[in-house]
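Right, one structure below, let's go through it.
Read-outs throughout are calculated quantities, based only on the coordinates presented, and are distinct from any laboratory measurement. Everything numeric in this text was worked out from a predicted model, so none of it was measured. We place every Cβ from the backbone using ideal geometry, glycine too, and count neighbours over all the protein chains shown.
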Amino acid sequence: MRFTKMEGLGNDYIYLNCLSHRPPDPAGLAVRLSDRHFGVGADGLICVCPGRRGDFAMEMYNADGSRGKMCGNGIRCLGKYVYDKGLTRRTSLQVDTDSGLRALRLLPGPAGIGQVEVDMGEPSVFPQISIPLMELTYSVMPVSMGNPHCILFCPHPEEIALDVLGPALERHPVFPDRTNVEFVAVEGDQLRLRVWERGSGETLACGTGACAALAAAHFLGLCPPEVTALLPGGSLVLSLDTASGHIRMTGPAVTVFEGEWPGG
């Protein structure tokens, strides 16, 4: 089974061409492949499938085998993947996800497709709620980008015990389907954040999480509609169209290596 490993800001996924053949157990395969000691190593698995309404479809699995509805870094890399593999010559694509259709614009550079812009759709921002946890109470803002997010604003995300608070909030009873968790510092037109990703743990970046952070911060009047999101793996350019409500995200897509897995 041929695979391609790709990353967007260090948020890495294994890509399979499933246009003509889909593995029988992609969830189990995601667990085996994502293992960083006994597998390839990744935050999850993305199957590139035939589109239903769009040009292609993205079927995404987290490292624990759970199904993900949307992935911002993952969909940027999918755009580069289908172009580099000669599966399309178009630089404007529509991709089906479990959260709906997403529009991509591939941005060629000197070395090929290096940046991809994605219309991430319109976020749903919900009122802040208070969550008692470990003898403290945390004020969080739930946001949906087609997948669930929990935004906590704090001045120093780097000081947060993410390995403790991340899983506790991800699996808190108030989030019956679990949630992604973002700790965000607002610094003018920059958002600095760390991410605990549902089903994968701490990741170097999360595209939907960055967009959710912008949606929450702008809703509270904390930042302008155009910001740079600074994540441990690098930066994303985000723009909120106040007329349509849609967020556009632009960031890198990189191929790491290709290989073969002996047991599909």
Amide proton proximity set for Val256, modelled H, under 5 Å, gap of 5+: Lys5, Met6, Glu7
Ordered by fewest other Cβ atoms within 10 Å, a rough proxy for footprinting exposure, Ser99, Ser124, Ser200, Ser130 read Ser130, Ser124, Ser99, Ser200
Here P(r) for the chain, Cα-Cα distances in 5 Å bins, as whole percents, is 1, 6, 14, 19, 19, 17, 12, 7, 3, 1, 0, 0
Can you give the relative contact order of the chain as a percent, counting alpha carbon pairs under 8 Å and 6+ residues apart? 21
Sequence neighbours fewer than 8 away in the same chain don't count; with that in mind, list the aspartates and glutamates whose C-alpha is under 18 Å from Lys5. Asp35, Asp43, Glu59, Asp64, Asp84, Glu258, Glu260
Placing one identical point scatterer on every Cα of region 1-70 and ignoring solvent, what is log10 I(q)/I(0) from the Debye formula at q = 0.18, 0.26, 0.27 Å⁻¹? -0.62, -1.23, -1.30
Which number do you get for Rg(Cα) / (2.2 N^0.38 Å) in region 124-245? 0.97
The exposure ranking of Val186, Val116, fewest beta-carbon neighbours within 10 Å first, is Val186, Val116
As a test, work out the antiparallel percent of DSSP beta bridges whose residues both lie in the chain, rounded to the nearest 5. 85
Using DSSP, restrict attention to beta bridges with both residues in region 124-245 and report what percent are antiparallel, rounded to the nearest 5. 75
For region 229-236, take each phi angle, set θ = phi - 60°, evaluate the Karplus expression 6.51 cos²θ - 1.76 cosθ + 1.60, and give the result in whole Hz per residue in order, putting x for glycine and proline. 9, 9, 10, x, x, x, 10, 10
Considering only DSSP beta bridges whose two residues both sit in region 59-191, what percent are antiparallel, to the nearest 5? 85
For region 15-134, take N as its residue count and report Rg(C-alpha) divided by 2.2 N^0.38 Å. 1.19
